[in-house]
Amino acid sequence: MYDYKANIENSRYDYNRNILLESHAANNPFDQFALWLKEAEEDGIKDYNAFTLSTIGPDGFPNSRRLLLRKCDRSGFTFFTNYTSAKGNQLAFNDKVCLNFYWNTLERQIRVYGIAKKVSEQESDEYFAPRPRESQIAAWASIQSAEMRSREELEENVTKYTNEFAGKPVPRPPHWGGYQVVPHYFEFWQGRPSRLHDRLIYKVDADFEWYIQRIAP
Ligand SMILES: Cc1cc2nc3c(=O)[nH]c(=O)nc-3n(C[C@H](O)[C@H](O)[C@H](O)COP(=O)(O)O)c2cc1C
């Protein structure tokens, strides 16, 4: 299926597009994140704002899925989803999460640890209101992560809610909204030749100031 031989061919590929040194890293990880996100957008990466969110459920297993980042500022990272989904249930059980951004062409990865909390109902309403109508109907029609009888069940739900909300604005479903992740640890990984990559981490000291450390590749 996939073996060491194919793997060795792939391993010949070296990373050489960029470097990351303490001397030019931003003092604070939010500025460094904003710069790398902007450069990913400028590089033409589709879904440059996508990341992997890892959560832990009551069974103790980590669980990961891709999501789209909708907002990031110094207070945290915001995404939107269904509160009754698998991730929603896992977050209700354990609010500790890991976010992972990876931009293949830039040879960059960012890892973030933080605590997830629901955003206000008002913020979720404001984000939901201007979304495309089809997406709004989908938020009602899909009980995300729940078992379904068939594809037809989903399509019947779409018809049901399309009729129910005909001629009026689609309200935000109570089970749909945002989470904000408040980070306390970042790692910026920049691929370098010969597997001698740059890895800078940002942690918070006792005065709640960010400081940088280098870790081995
Ligand atoms: C690129 C990409 C972006 C996605 N963005 C979102 C998103 O912003 N919100 C969301 O609920 N699901 C998003 N999904 C779907 C999730 O990966 C996942 O299938 C869904 O949220 C259900 O996950 P769960 O069962 O672990 O709760 C996205 C998938 C991909 C591949």
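Sorted from greatest to least, the principal axis extents spanned by the alpha carbons of the range 115-217 come out as 57, 36, 23 Å.
With one equal scatterer per alpha carbon and no solvent term, the Debye-computed log10 I(q)/I(0) for the chain at 0.08, 0.12, 0.14, 0.15 1/Å reads -0.38, -0.79, -0.99, -1.08.
Distance from the C-alpha centroid of the range 181-203 to that of the range 12-30: 8 Å, rounded to the whole angstrom.
Could you calculate, for the range 45-129, the ratio of the Cα radius of gyration to the Kirkwood radius, expressed as Rg to Rh?
0.97
Pairs exceeding 26 Å between alpha-carbon atoms, taken from Lys117/Lys203; Lys117/Lys160; Lys71/Lys160; Lys96/Lys160; Lys38/Lys168; Lys96/Lys203: Lys117/Lys160; Lys71/Lys160; Lys96/Lys160; Lys38/Lys168.
Hydrodynamic estimate: the Kirkwood radius of the range 1-107 over Cα pairs, inserted into Stokes-Einstein at 37 °C and 0.692 mPa s, corresponds to D of 199 µm²/s. With a Förster radius of 22 Å, plug the Cβ-Cβ distance of Glu164 and Arg70 into 1/(1 + (r/R0)^6) and report the FRET value to the nearest 0.05. The computed FRET efficiency comes out at 0.25.
Each listed q (0.18, 0.27, 0.28, 0.34 Å⁻¹) maps to a log10 I(q)/I(0) for the range 69-110, found by the Debye formula over equal Cα scatterers with no solvent: -0.71, -1.05, -1.06, -1.12.
The radius of gyration of the Cα set in the range 82-141, together with its Dmax, comes out at 15.1, 38 angstrom. Relative to the longest principal axis of the C-alpha atoms of the chain, give the angle of the C-alpha long axis of helix 151-164, reported between 0 and 90° and rounded to the nearest 10°. Helix 151-164 and the main axis of the chain meet at about 60 degrees. Here the 3J(HN,Hα) profile of the range 189-196, calculated from phi with Karplus coefficients 6.51, -1.76 and 1.60 at θ = phi - 60°, is 10, 10, x, 9, x, 6, 6, 9 Hz, Gly and Pro shown as x. Within the shell of other residues whose beta carbon sits under 13 angstrom from the beta carbon of Tyr211, the net charge comes to -2, with Lys and Arg scored +1 and Asp and Glu -1.
Quick note: the coordinates plus some simple rules give every number you see, no bench work behind them. Because the structure is predicted, anything quoted here is derived from the model rather than measured. Methodologically, a virtual Cβ is constructed for each residue, glycine included, from the backbone with ideal geometry; neighbour enumeration extends over all protein chains shown.
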